Amino acid sequence: MKTLRIAALAALLGATALAAPAHADVKIGLLGGISGPIAAMAPAMIDSANLAISQVNEAGGILDGRRLIGVVGDSACNPQNATDAATKAVNLEGVIAIVGPHCSGAVLAAANSVTIPAGITIVTPSGTSPEITSLQDNDTVFRTVPSDDYQGRALARTLLERGTNKVAVAYLNNDYGKGLAEAFRAEFEEKGGEIAGFAAHEGERASYRSNLADLAAGGADTLVILDYGDGSGLTMLRQALENGFFENFVGGDGMKSDAPIRELGADNLTTFIASAPVGQQSDALEVFNKAFSDIGGDPNAIFVTTSYDATFMLALAIEKAGADKSKVAAALREISNGEGEPILPGEWAKAKELIAAGTAIDYRGAAGEHNFDEAGDVPGAYALFKVSGSTFEVIAEME
């Protein structure tokens, strides 16, 4: 009887397997800084990625009508967390590609430890360290945001053009902070500016007053903080204001966070400005802005355009590659190289039809056209922002 029961169970399981769908869902990882120093930024970035996924599924699905699934993991802007999240996404969830991680150190760790050995393509929407450019990645690491080598230099030139000729620089001692700071210093000094203080600091300390006092001793009235506005950058900004160490404050993109406004109040941030990448004005950006606004998103939130583009582009690449992970990277280059039928955000049905017909397409993204160079990098546009009420508004474009 036991043998019969086992045989019957085996037959039932075999029938169930035969009755199951022939093709499983297609999974991509969404590895974000859900906790940690950019926790306030991450939700909007994940939301914009999910907008792209929902557009794919609502317009016929991916490949032969399968659902595209975003598997969310928390990289926490921490190398170990990122490695763990990437390992889970690749080895347990079976993702075919990854959007993220969000922070530079997390990108470097996850790529070196997990995705490069596994041959998984990743597109980070916000990992900006120049170190990412030099990864030996077998052409599997891309980004839809420009390197901080561009941002640091653009910020330096913009400050000099605005009459700020002497600054002190405080930067977080990680891949993001160091890369941005070195690019800023090189350009600022080359163009005739004076760096009155230049120092790294460790994250998540209770007090930075001694650091600030040392930086202020150089006589600059402007402090450039290259850190995260949800973490130690906020603490440093608060303590600088409380103790009157500096009169003016400048942040990079990591400081363009809602957290300083919520915690310190807009009235106390009238001399605070920050730089950040922006989407280039285009029909594609207008299409995205409307679609994201329609689901309750803020199109002006940082990195939402780059997050959306990274996700939609990977979907296009997977459609072209036929779910073959070894072909995704090459397909990613082919769907956005300046040649072919233009595809705007949300135009999934059109793109799917053209890909099926063997027609070349060229994705025109919300954040730009994303024609990748040999290292998987893209050019970009930046702007300088000031605090306005509960948010930020552009005060100048940065060349």
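The values are calculated or read from the model by the stated rules, or taken from the named source; none is laboratory data. Quantities reported herein were computed from a predicted structural model and do not represent experimental measurements. Because the Cβ atoms are built from the backbone with ideal geometry, glycine has one as well, and the counts that use them run over all protein chains shown.
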Item to check | Residue that is farthest from Phe184 (Cα to Cα), among those in the range 195-209 that are assigned to a strand (DSSP E or B) and not hydrophobic (A, V, I, L, M, F, W, C) | outcome: His201
Checklist entry - Tell me, which helices (runs of 4 or more DSSP H) lie completely within the range 1-113 with 2 or more residues that are touching a Gly at 6+ places or on another chain (Cβ under 8 Å), modelled with pLDDT of 95 or more and not aliphatic (A, V, I, L, M)? => result 42-58, 79-87
Checklist entry - Among Lys320, Lys350, Lys327, which is over 25 Å from Val72 (Cα atoms), at pLDDT 95 or above, among the basic types (Lys, Arg) and over 21 Å from the mean Cα position of the chain (by Cα)? => result Lys350
Checklist outcome for this item: By residue number, the members of the range 208-250 that are free of Cβ contacts under 8 Å to residues at least 40 places away in the same chain and either β-branched (Val, Ile, Thr) or out of contact with any helix residue (DSSP H, G or I) (no Cβ under 7 Å at 6 or more places or on another chain) (or both) are Ser210, Ala213, Asp214, Ala217, Thr235, Glu242, Gly244, Glu247
Item to check | Selected residue [among the polar types (S, T, N, Q), buried (at least 20 other Cβ atoms within 10 Å of the Cβ) and not assigned by TED's automatic domain parsing to the domain that holds Ala40] from Thr140, Thr158, Thr164, Thr121 | outcome: Thr158
Next on the checklist: Suppose we filter Thr128, Thr133 for residues that are in a helix (DSSP H, G or I) and under 24 Å from Tyr363 (Cβ atoms); which single one remains?
Outcome noted: Thr133
Checklist outcome for this item: Those residues of the range 329-347 that are surrounded by fewer than 21 Cβ atoms within 10 Å (Cβ to Cβ) and assigned to a strand (DSSP E or B) come to a total of 2
Checklist entry - Filter the range 215-244 for residues that are of a type in the set (Asp, Glu) and closer than 24 Å to Ala154 by Cα; which is surrounded by the fewest Cβ atoms within 10 Å (Cβ to Cβ)? => result Asp221
Checklist outcome for this item: If we keep only residues of the range 356-381 that are surrounded by fewer than 21 Cβ atoms within 10 Å (Cβ to Cβ), touching a strand residue (DSSP E or B) at 6+ places or on another chain (Cβ under 7 Å) and outside any loop (DSSP other than H, G, I, E, B), then the residue modelled with the lowest pLDDT is Ala381
